[in-house]
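The values are calculated or read from the model by the stated rules, or taken from the named source; none is laboratory data. Everything quoted here is computed from the prediction, not taken from an experiment. Glycine also receives a Cβ, built like all others from the backbone with ideal geometry; neighbour counts cover every protein chain displayed.
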Amino acid sequence: MFPVRIDNLRYSPNGHPVLDGIDLHLGSDGITLVLGPNGAGKSMLLRVLCGLVEPCGGTIDWGGGVRPARGVMMVFQHPMMLRASVLENVALGLKPLGVSAPERQRSAMAVLERIGLAHRADDSARQLSGGEKQRLALARAWLTRPRLLLLDEPTASLDPSATAEVERIIREIRTDGTRILMVTHNLGQATRLGDDIVFISAGKVCEHTPTRRFFARPASEEARLFIQGELPWRMTF
């Protein structure tokens, strides 16, 4: 699957360019944070990568081939919960993989232990708080052992405590060997989680650089103005 090489990727619904020539190279390890202003094309890039949207042009090379049928998962800002228990919501992700029902239950309970929701296993998933739902969505993806996990602002509406829990789980997923590409508007979060930063503006990648360098010495004027507008205080590392 890796490296993923994106070349001149374009998407223009109704003639309006959302992705306007994205060029990006992703290796097999780490957490990459995608930053940029509203409407820059960040979420659309993730949707194209997971196959939800067909691009208008350009190419995506997945380790010398096409996107694999399995191994790419996406978690949305507002994940959908099935009308079922917390345990069943997690275990269902393994059913298409041919895993037996008893093994699905055992694996689902094990991952619920890791995210701190084992005590809610029999509760309705729709009764969970926003932070708990996001942790459940991450667990559902994690259980399938994805090679690439796409996260679209998973903590956008969460309080600091819930955000910290989600960030902990993201780090554990990365430690388990999953490559992560994550969109966020939280620049503090970007400094905590990101190995590198992809900055997108007007449908183009303006900068792809290690996190420390991005915040200390942004190379593009667009990135400099973005950081200045979002972080009026002085950041030091």
Quiz item: Do you know which of the residues in region 149-196 that are part of a strand (DSSP E or B) and more than 9 Å from the chain's Cα centre (by Cα) is surrounded by the fewest Cβ atoms within 10 Å (Cβ to Cβ)?
Solution: ASP196
Exercise. Please indicate, with yes or no, whether at least one residue in region 30-45 is free of Cβ contacts under 8 Å to residues at least 60 places away in the same chain, crowded, with 20+ Cβ neighbours inside 10 Å and within 13 Å of the chain's Cα centre (by Cα).
Key: yes
Quiz prompt | Tally, over region 50-102, of residues that are under 18 Å from the mean Cα position of the chain (by Cα) and charged (D, E, K, R) | solution = 2
Exercise. Give just the number: which of (1) surrounded by fewer than 20 Cβ atoms within 10 Å (Cβ to Cβ); (2) in a loop (DSSP other than H, G, I, E, B); (3) modelled with pLDDT of 95 or more; (4) of a type outside the set (Lys, Arg) does THR144 not satisfy?
Key: (3)
Practice problem: Among the numbered conditions (1) assigned to a loop (DSSP other than H, G, I, E, B); (2) modelled with pLDDT of 95 or more; (3) within 29 Å of VAL34 (Cβ to Cβ), tell me where ASP122 comes up short. | Solution: (3)
Quiz item: Which condition number does SER161 fail, the rest of (1) over 24 Å from LEU128 (Cα atoms); (2) without any contact (Cβ under 8 Å) to a residue 40 or more places away in the chain being met?
Solution: (1)
Quiz item: Between a first residue in region 46-58 that is of a type in the set (D, E, K, R) and a second residue that is part of a loop (DSSP other than H, G, I, E, B), which pairs have beta carbons less than 7 Å apart while being 6 or more apart in sequence or on different chains?
Solution: ARG47/VAL53
Practice problem: Please work out which residue is farthest from SER201 (Cα to Cα), limiting yourself to region 4-31 and to residues that are out of contact with any Lys or Arg (no Cβ under 8 Å at 6 or more places or on another chain) and among the β-branched types (Val, Ile, Thr). | Solution: VAL4
Self-check item: The lone exception for ALA202 - which of (1) closer than 22 Å to ILE6 by Cβ; (2) at pLDDT 95 or above it fails
Solution: (2)
